[in-house]
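Asker: Handing you this structure, nothing more for now.
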Amino acid sequence: MCGIIGYIGPERASGILLKGLKSLEYRGYDSAGMAVIDSGRIICKKGAGKVEEINKKVDFPSIEGNIGIAHNRWATHGKVNDVNAHPHLDCSGNIAVVHNGIIENFEELKKELKGHSFKSETDSEVIAHLIEEEMKDLPFDKAFIKAISKLKGSYAVLAIEAKSNKVMAARKGSPLVVGVSSDAFFFSSDIPSFIDWTKKVIYLHDYDVVEAGKEIKIYNLKDGFVSRPIDSVEWKAEQIKKDGFEHYMLKEIVEQSDTIRRAIQQKRELVERIAKQLKEARGVFLIGCGSSYHACLTGSYLFSKVAKMHVNPVLASEFKNYKHFLKKESMIIAISQSGETADVLEAVRAAKEKQSKIISIVNRAASSLTRESHESLLMNAGPELSVLSTKTYTSQVALMAMLAYTIAGRYDEGMAKLKKLYMDIYNLTSRNMRDRLRALAKRLLNEEHIYVLGRSLQYPTALEAALKIKEVSYIHAEAFAGGELKHGPLALIKKGSPVIVFVSKDDKDIIANANEVKTRGAYVIGVSHKNYDIFDYWIKTPESEELGPILQIIPIQILAYQLAVLKGLDPDRPRNLAKSVTVK
Ligand code: F1P
């Protein structure tokens, strides 16, 4: 949901900001722009479209100057056009602002700013005018703090002013980190955008306001001046490159043999402590959005089957309907790759109000969610830059399995099984498998609908498979629990309808469902350890019971990827979507 980046240092800002814009493009790719201070003037260039297209028109690197800010937009207020693209300027053109988040009171603020002329339909533009208004009496830094303290909603904001050699920054509810090198400061929604320059970072807290010139000062709107530690990031610059793969999505799918091993490298003591708390809890809720919710759903089957324990999987956006069940003894497991998903954070805060215990499963170590949680299990999957979750989804399911086995007192057995997945995933992502699935993708390319069936643990896998296909290839894909087929969906099946069927070991019921669709003319694609006569196409996956969901989703991730590529789509940046959904 929008990416912002800022730089102040000895180098030409535009080159650094352009690189940053490209690396943050996964957060939003409707529009982009940058503003740089050049000899006491603000030079601002922006437009609608992808960064590279806009760059061809405006030539970002031609801008001189060492202090600048930039923005990738994922539209929330106002349509996608050149005017609504950030940065936004005040009336004088001396103040430039970029913003990620939502200013909930922008309409009231706009009304109070009499005499100001607004050019865009965005909520963000109001910040530039608020600073301008405050600068009637105050210097830029103080005016910025005063303006920020009037904002309601969520924000990560960067601002520059033509005559002030500094970058001002603030965050509440939206991510913002500061990169610190020996002679420069970087600001960004996400670390990869400056990792080539520095691995030293300051994680800002909500209500922090930063003034960066030659030095940095951090002021918290609630606590006054504060000092925040400088941490070192473990990610290597190479992890953020495509490693010879055409797209991040494929690279991240192939990485899964490794990421699954990294996910389960947890301190046994921590896993056992969480398992004990889960056993003792009165009411456990698993919450997440999108793929992370599918991991919750898979988790609920694993907890039931392996640990014989009931848990409630709930979409984070629906969680408020359940909060009256919460008590001090309740436990929440919040699953989120980014740890910044607005609905997940809201659900967690509601649970904290009831003093429930929060455990999170997160990929981003320094996220808002880890800060809000009592304990966290980190996925350790490394940066996931394709908008679609692939490696983080399987890591989430692996962690759910690990907890379920631990609760059942079968930690060693569970770990042994999880460790063995490495080789199976390696084979499932081999070039040979990718080529075979490309051939299948060619067969499915012009389909309008693809249906997916699964039962038990394979039902959430079916939901996840349908999500992967639709979000990246734009083919309508819909999943059903096998048992629901005759309650309606069977009416959709006609001659040639492609139906993907996930089959677990010895599940005769799902084979009966496959027969039902086959009888009505469906083209049946079986994902199974064994080939059944009714399959028109067989995707062979290793025999695995509880851990089948981790293995069986992988070929469909590849199939979805191949469909997108064959259709000429960018699998890393599906239309209308963004990697981290920081607005509700
Ligand atoms: C949840 C999610 C992802 C999806 C996309 C949008 O994110 O729905 O599953 O792939 O990136 O957001 P998160 O809470 O797991 O970060």
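Asker: Under 6 Å between Cβ atoms, which residue pairs at least 6 apart in sequence (or on different chains) link something in region 224-243 that is more than 20 Å from Y26 (Cβ to Cβ) with a partner that is aromatic (F, W, Y) and outside any loop (DSSP other than H, G, I, E, B)?
Answerer: Listed by first residue and then by second, the contacts come to F225/Y219.
Asker: Considering only region 110-132, state which residues are open to solvent by 10 Å² or more (accessible area, probe 1.4 Å), assigned to a loop (DSSP other than H, G, I, E, B) and of a type in the set (D, E).
Answerer: Of everything in region 110-132, just one residue is open to solvent by 10 Å² or more (accessible area, probe 1.4 Å), assigned to a loop (DSSP other than H, G, I, E, B) and of a type in the set (D, E), namely E121.
Asker: Only residues that are open to solvent by 50 Å² or more (accessible area, probe 1.4 Å) and either touching a strand residue (DSSP E or B) at 6+ places or on another chain (Cβ under 8 Å) or outside the structural domain of A170 (by TED's automatic domain parsing) (or both): list them for region 90-109, please.
Answerer: N94, E104
Asker: When region 222-239 is examined, which residues are found to be assigned to a loop (DSSP other than H, G, I, E, B) and under 28 Å from the mean Cα position of the chain (by Cα)?
Answerer: Those that are assigned to a loop (DSSP other than H, G, I, E, B) and under 28 Å from the mean Cα position of the chain (by Cα): R228, P229, I230, V233, E234, W235, K236.
Asker: Same structure, new question: Of everything in region 336-365 that's within 14 Å of the ligand (Cβ to nearest atom) and assigned to a loop (DSSP other than H, G, I, E, B), which residue is farthest from the chain's Cα centre (by Cα)?
Answerer: In this case the residue turns out to be A365.
Asker: Could you tell me whether M400 is open to solvent by 30 Å² or more (accessible area, probe 1.4 Å), part of a helix (DSSP H, G or I), in contact with a Ser or Thr (Cβ under 9 Å, 6 or more places away or on another chain) and touching a residue at least 60 places away in the same chain (Cβ under 8 Å)?
Answerer: No, not satisfied.
Asker: When region 564-584 is examined, which residues are found to be touching a strand residue (DSSP E or B) at 6+ places or on another chain (Cβ under 9 Å) and either open to solvent by 60 Å² or more (accessible area, probe 1.4 Å) or away from the ligand (no atom under 16 Å from the Cβ) (or both)?
Answerer: K584
Asker: Right, another one. Taking the condition in contact with a Ser or Thr (Cβ under 9 Å, 6 or more places away or on another chain) and more than 30 Å from K320 (Cα to Cα), does K505 pass?
Answerer: In short, yes.
A quick yes/no check of all residues on (1) farther than 21 Å from V387 by Cα; (2) assigned by TED's automatic domain parsing to the domain that holds T341; (3) open to solvent by less than 30 Å² (accessible area, probe 1.4 Å):
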site	(1), (2), (3)
I16	yes, no, yes
K19	no, no, no
E25	no, no, yes
K45	yes, no, no
V51	no, no, yes
S62	yes, no, no
I67	yes, no, yes
N72	no, no, yes
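Asker: Then there is this: Does K391 fit the bill of being farther than 24 Å from E25 by Cβ, of a type in the set (D, E, K, R) and at pLDDT 95 or above? Working first, answer last.
Answerer: Numbers: farther than 24 Å from E25 by Cβ: no; of a type in the set (D, E, K, R): yes; at pLDDT 95 or above: yes.
Against the criterion (farther than 24 Å from E25 by Cβ, of a type in the set (D, E, K, R) and at pLDDT 95 or above), K391 does not qualify.
Yes or no, residue by residue, for (1) touching a residue at least 40 places away in the same chain (Cβ under 8 Å); (2) surrounded by fewer than 23 Cβ atoms within 10 Å (Cβ to Cβ); (3) within 16 Å of the ligand (Cβ to nearest atom):
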{"site": "R261", "(1), (2), (3)": "yes, yes, no"}
{"site": "Q266", "(1), (2), (3)": "yes, yes, no"}
{"site": "L315", "(1), (2), (3)": "no, yes, yes"}
{"site": "S330", "(1), (2), (3)": "yes, yes, no"}
{"site": "I333", "(1), (2), (3)": "yes, no, yes"}
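Asker: Going residue by residue through region 510-528, is there one that turns out to be open to solvent by 10 Å² or more (accessible area, probe 1.4 Å), closer than 28 Å to T406 by Cβ and either modelled with pLDDT of 95 or more or not basic (K, R) (or both)? Please lay out each step first, then the result.
Answerer: Here is the first cut: in region 510-528, the ones open to solvent by 10 Å² or more (accessible area, probe 1.4 Å) are 511-512, 515-516, 518-521, 523.
Of the ones still in play, those that are also closer than 28 Å to T406 by Cβ are none.
Checked against the condition, which is being open to solvent by 10 Å² or more (accessible area, probe 1.4 Å), closer than 28 Å to T406 by Cβ and either modelled with pLDDT of 95 or more or not basic (K, R) (or both), region 510-528 yields no hits at all.
Asker: Could you pull out the residue among A342, A347, A275 that is among the aliphatic types (A, V, I, L, M) and farther than 22 Å from L403 by Cβ?
Answerer: Every option except A342 fails the conditions.
Asker: Does S300 satisfy the criteria of being more than 9 Å from the ligand (Cβ to nearest atom), within 20 Å of M379 (Cα to Cα) and open to solvent by less than 60 Å² (accessible area, probe 1.4 Å)?
Answerer: So S300 fits the description; yes.
Asker: Here's something else I'd like to know. Quick check on region 464-509: of everything there that is of a type in the set (S, T, N, Q) and outside any helix (DSSP H, G or I), which residue is surrounded by the fewest Cβ atoms within 10 Å (Cβ to Cβ)?
Answerer: Ranking the candidates gives S497 first.
Asker: So V452 clears everything in (1) in a helix (DSSP H, G or I); (2) hydrophobic (A, V, I, L, M, F, W, C); (3) touching an Asp or Glu at 6+ places or on another chain (Cβ under 8 Å) except one condition, right? Which one?
Answerer: Failing condition for V452: (1).
Asker: Could you check, for region 31-39, whether at least one of its residues is surrounded by 24 or more Cβ atoms within 10 Å (Cβ to Cβ) and at pLDDT below 95? Quick ask: steps written out before the conclusion?
Answerer: Going through region 31-39, the residues surrounded by 24 or more Cβ atoms within 10 Å (Cβ to Cβ) turn out to be 31-37.
Keeping just the survivors that are at pLDDT below 95 gives 31.
Among the residues of region 31-39, at least one is surrounded by 24 or more Cβ atoms within 10 Å (Cβ to Cβ) and at pLDDT below 95, which makes the answer yes.
Asker: Against the definition (in contact with a helix residue (DSSP H, G or I) (Cβ under 8 Å, 6 or more places away or on another chain) and outside any helix (DSSP H, G or I)), how does G299 come out, yes or no?
Answerer: Working: in contact with a helix residue (DSSP H, G or I) (Cβ under 8 Å, 6 or more places away or on another chain): yes; outside any helix (DSSP H, G or I): no.
Spelling it out, it is not the case that G299 is in contact with a helix residue (DSSP H, G or I) (Cβ under 8 Å, 6 or more places away or on another chain) and outside any helix (DSSP H, G or I).
The values are calculated or read from the model by the stated rules, or taken from the named source; none is laboratory data. Values in this document were obtained by computation on a predicted structure and should not be read as measured data. Counting neighbours? That spans all protein chains shown, and the Cβs are built from the backbone with ideal geometry, glycine included. Accessible surface is based on the protein model in full, side chains and every heavy atom, while ligands, DNA and RNA are left aside. Shrake-Rupley method; radii C 1.70, N 1.55, O 1.52, S 1.80 Å.
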